[in-house]
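Asks: Following this message is one structure expressed as C-alpha cells.
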Amino acid sequence: MSHDHDDRPQLTAAQAEAALNPPPGRNGGDLVVETLQGLGATTVFGLPGQHALGMFDALRRSSLSYIGLRVENNAGFAADAYGRITGEVAPLLLSTGPGALTSLAALQEAAAASAPVLAISSQIPTAGLGGGRHGYLHELRDQKASFRDIVKSVHTVRTASQVPSAIAAAWESALTAPHGPVWVEIPQDVLLAETTLPVVSALDATPRELYPRPELTVAAAHLLSKAERPAIVAGGGVVRSDAAGKLRALAEKIDAPVVTTFGGKGAFPWEHPLSLRSWLEDRYTTDFLESADVLLVVGSGLGELSSNYHTFAPRGRVIQIEADAGKLESNHPALGIHSDAREALSDLLDTVEPREDGTAPERVRELLEKVHGRIAAQDLTLEQQVLASVREALPDTSPSFWDMTILAYWAWSAFDARHPNTMHSAQGAGGLGYGFPAAIGAAAADRTRPVLAVSGDGGAMYSIAELATARQYDLPVTWLIVDDGGYGILREYMTGAFGEATATELARPDFVALAESFGVPAVRTTPETLAADLGKALAAPGPSVVVLPALLKMFEPTHL
C-alpha cells in the first residue's frame with residue numbers, strides 16, 4: 001500500500017535546526033506543556049503535588065495561563081465550567097493518589113454533563129507501576145482503575161516519547177461527541193528526567209464528526225411531517241453542540257412545542273410562543289408530552305429529572321437523537337439516532353416538510369397557565385420573588401452556576417436563561433460544592449463579563465477556600481449564598497418522609513466577615529434589597545459575596 005506524503009508539514013531550515021538541537025534544561029514536564037500548547041490550550045487548572053512538580057515547573061517556561069485552586073475537586077469543577085463555556089478542552093493538572101482521587105466527584109459531573117476535561121495526573125515512579133506494593137508515597141495498586149468507570153478513556157505514559165501521543169489521543173477523545181473527561185497519568189521519574197527530544201510542534205487531534213445515518217433522518221422527518229401533535233424535548237446535547245439555532249428553526253418549521261431539560265436550559269427562547277419552558281417536574285407538562293403522537297427527544301437520555309422521576313410514559317412514537325450510544329433507548333423504545341445533535345437537527349431541517357398547526361401556541365399557553373396556577377396555589381411568593389430578583393440583577397449574557405440548593409431547583413424549572421450555554425448546574429451527578437469553583441472556571445475563560453455563583457450555606461462550605469483563589473486572580477465572580485442554617489432540601493425530604501429531620505442542621509460562619517477576611521467585599525441582604533445588592537456586586541470589578549438569610553421551600557412534587 002502506498003502513502004501520499006505531500007500533505008505532511010514541511011519544516012523550514014530554522015525549524016529543522018531547532019528540532020535537531022532542542023534547548024537545554026527541558027524535562028518530561030516540558031513535553032506535557034509543549035503538547036498542550038501545540039494542541040491549542042491557553043489556560044490550565046490544577047494543584048501541585050510532590051510527584052507532579054516536574055509538570056508544574058515546566059509551566060513557567062510556557063505561555064500557558066495557570067489558575068491554581070485550593071482543593072483538587074474544586075479545580076475539577078473549574079475545568080468543567082471552562083470546558084462548558086468555551087467548548088474547548090480544559091486541562092487539569094493533578095498529583096498522585098489523594099490529589100488525583102480528590103478530583104473524582106468533579107470528573108463524575110463532567111462526565112454527566114459532557115464537559116471536555118483533560119485530567120493529567122502524575123504517578124509513582126515507573127518502577128512502582130504494575131500493582132506491586134513498593135511503599136511509595138501516594139501509592140495505589142492501580143490508580144487508573146479508580147477513574148476508568150468515570151472518564152471516557154484512560155492513557156498511561158511510561159516513557160517521555162509517549163507523552164505527546166498520549167495527550168493528543170486523550171484530547172481527541174475529550175472532544176469526540178459526546179464530550180467528556182479523560183485521564184492521562186505520567187510517572188514522576190518521566191516528568192523529572194531531562195529530555196533531548198525536539199520541542200513539540202503543532203499537533204492535530206481533530207475529533208471525528210458524528211453524523212446521523214441518512215435512512216434514519218428520512219424516517220424521522222416523515223414521522224414529524226405527518227404528525228398531528230408533535231412535541232420536542234431539548235436536552236443538554238443541544239447546548240453542548242451549539243445547536244439552539246437549528247432547534248428553533250425546526251420547531252418553527254413543524255409548529256412543535258418545545259420543553260428544555262434542566263441541562264438544556266437556554267436551548268430554546270423562554271418567551272417563544274412554542275416554548276413550554278422547563279417545567280419537567282410537573283404533571284401537566286408530563287401529560288402534555290405523553291399526549292404527543294410524535295415526540296422528538298434531542299440530546300437527552302430522558303433520565304430521572306427529565307422524565308418527572310420516571311413517571312413519564314409516552315403514548316406516541318419517540319424519536320431520540322443522542323451522541324451517547326449508551327443513552328439511546330435506555331429508558332423508552334424509540335427510533336434511535338446515534339448522532340451529534342447539531343448534525344442531526346441540520347439534516348432533519350433539510351428533510352422535514354413544513355407543517356402548520358395554529359393550535360400549538362394556544363395549547364402551550366393553556367399548559368403554562370395550568371402550571372402557574374398550580375404554583376400560585378402553594379403560597380410560595382418569597383421563592384418566586386428571590387428568583388425574579390436574581391434574574392433582574394444578572395446581565396442577560398452573564399453565565400450563572402448553581403449548586404445543589406433549593407433556589408437552584410426552582411431555577412431549573414422557573415428561571416429564564418436568556419441565552420444558550422449561560423445557565424449551568426451540577427444536576428448531572430448531583431454533588432455539592434459545584435457553584436463557586438465552576439464560576440471561577442468560567443470567569444477565567446472570559447473576564448469581560450461578571451459570573452454568578454449560587455449556593456446554599458451547606459454547599460458553600462465545600463468550596464469556601466476558593467475565596468482565596470477568586471481574590472488571588474481577581475476574577476469577576478459574585479457568589480450569592482442563601483443561608484438557611486442547614487441542608488435545606490434534605491431537611492424537607494426527611495421531614496416529609498420521617499416526620500422530622502436528622503443531621504441536617506449546621507453551625508455556620510458569619511459569611512460576610514469570612515469573605516472580608518479573604519479581602520473579598522461582602523454584603524448581607526434581604527429579599528427586598530436582593531436585586532439592588534446583587535446588581536451592585538455584579539457591576540463591581542473582582543470577586544464579591546452576597547449573603548441572603550432566607551428559608552426557602554420547594555413547590556409540591558407531582559410524581560408522587
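Asks: Mind listing just one residue for me: the one in the stretch 340-367 that is in contact with a strand residue (DSSP E or B) (Cβ under 7 Å, 6 or more places away or on another chain) and not β-branched (Val, Ile, Thr) and, of those, farthest from Ser225 (Cα to Cα)?
Replies: Going through the qualifying residues, I end up with Leu367.
Asks: Separate question: Right, Ser173: part of a helix (DSSP H, G or I), open to solvent by 30 Å² or more (accessible area, probe 1.4 Å) and either of a type in the set (A, V, I, L, M) or at negative phi (or both) or not?
Replies: no
Asks: Let me ask something additional. Report, by residue number, each residue of the stretch 99-111 that is of a type in the set (A, V, I, L, M) and either surrounded by 21 or more Cβ atoms within 10 Å (Cβ to Cβ) or at pLDDT below 95 (or both).
Replies: Residues satisfying the conditions are Ala100, Ala105, Ala106, Leu107, Ala110, Ala111.
Asks: Could you pull out the residue among Ala18, Ala14 that is at pLDDT below 80, closer than 30 Å to Thr126 by Cβ and not β-branched (Val, Ile, Thr)?
Replies: Only one candidate passes the filter, namely Ala18.
Asks: Could I ask something else about it? Scan the stretch 148-167 for residues that are assigned to a helix (DSSP H, G or I) and surrounded by fewer than 19 Cβ atoms within 10 Å (Cβ to Cβ) and jot them down.
Replies: Arg148, Ser161, Gln162, Ser165 - these are the residues of the stretch 148-167 that are assigned to a helix (DSSP H, G or I) and surrounded by fewer than 19 Cβ atoms within 10 Å (Cβ to Cβ).
Asks: Looking for whichever is open to solvent by 10 Å² or more (accessible area, probe 1.4 Å), free of Cβ contacts under 8 Å to residues at least 60 places away in the same chain and among the polar types (S, T, N, Q) here; the options are Thr405, Thr448. Which one fits?
Replies: Thr448
Asks: For Leu216, indicate whether it is touching a residue at least 12 places away in the same chain (Cβ under 8 Å) and more than 22 Å from Ala426 (Cα to Cα).
Replies: Against the criterion (touching a residue at least 12 places away in the same chain (Cβ under 8 Å) and more than 22 Å from Ala426 (Cα to Cα)), Leu216 qualifies.
Asks: Please report, ordered by residue number, the helices (runs of 4 or more DSSP H) entirely within the stretch 452-560 with at least 2 residues that are open to solvent by 20 Å² or more (accessible area, probe 1.4 Å), of a type in the set (A, V, I, L, M) and more than 28 Å from Leu305 (Cβ to Cβ).
Replies: In the stretch 452-560, the matching helices (runs of 4 or more DSSP H) lie at 511-517, 530-539.
Asks: Another question, if that's okay. Considering Leu407, Leu432, Leu387, which residue is in contact with a helix residue (DSSP H, G or I) (Cβ under 6 Å, 6 or more places away or on another chain) and more than 23 Å from Gly83 (Cβ to Cβ)?
Replies: Answer to the check: Leu387.
Asks: Within the stretch 29-50, which residues are open to solvent by 10 Å² or more (accessible area, probe 1.4 Å) and part of a helix (DSSP H, G or I)?
Replies: Glu34, Gln37, Gly38, Leu39, Gln50
Asks: To continue, here is another question. Looking at (1) assigned to a loop (DSSP other than H, G, I, E, B); (2) touching a residue at least 60 places away in the same chain (Cβ under 8 Å); (3) open to solvent by 10 Å² or more (accessible area, probe 1.4 Å), can you tell me which one Ala115 breaks?
Replies: Failed condition: (3).
Asks: Scan (1) in a helix (DSSP H, G or I); (2) over 22 Å from Gly38 (Cβ atoms); (3) touching a helix residue (DSSP H, G or I) at 6+ places or on another chain (Cβ under 9 Å) for the single condition Leu137 breaks and write down its number.
Replies: Checking Leu137 against (1) in a helix (DSSP H, G or I); (2) over 22 Å from Gly38 (Cβ atoms); (3) touching a helix residue (DSSP H, G or I) at 6+ places or on another chain (Cβ under 9 Å), the one that fails is (1).
Asks: Please count how many residues of the stretch 318-331 are in a loop (DSSP other than H, G, I, E, B) and either among the basic types (Lys, Arg) or open to solvent by less than 30 Å² (accessible area, probe 1.4 Å) (or both).
Replies: Residues flagged as in a loop (DSSP other than H, G, I, E, B) and either among the basic types (Lys, Arg) or open to solvent by less than 30 Å² (accessible area, probe 1.4 Å) (or both) within the stretch 318-331 amount to 1.
Asks: Identify all residues within the stretch 200-227 that are touching an Asp or Glu at 6+ places or on another chain (Cβ under 6 Å) and open to solvent by 50 Å² or more (accessible area, probe 1.4 Å); write none if there are none.
Replies: Passing the criteria: only Tyr211.
The values are calculated or read from the model by the stated rules, or taken from the named source; none is laboratory data. Predicted model, so just to flag it, every value in this text is computed and none were measured. Cβ atoms come from the backbone with ideal geometry, glycine included; neighbour counts cover every protein chain shown. The protein model used for the area step is the full one, side chains on, heavy atoms only, and it has no ligands, DNA or RNA in it. Shrake-Rupley method; radii C 1.70, N 1.55, O 1.52, S 1.80 Å.
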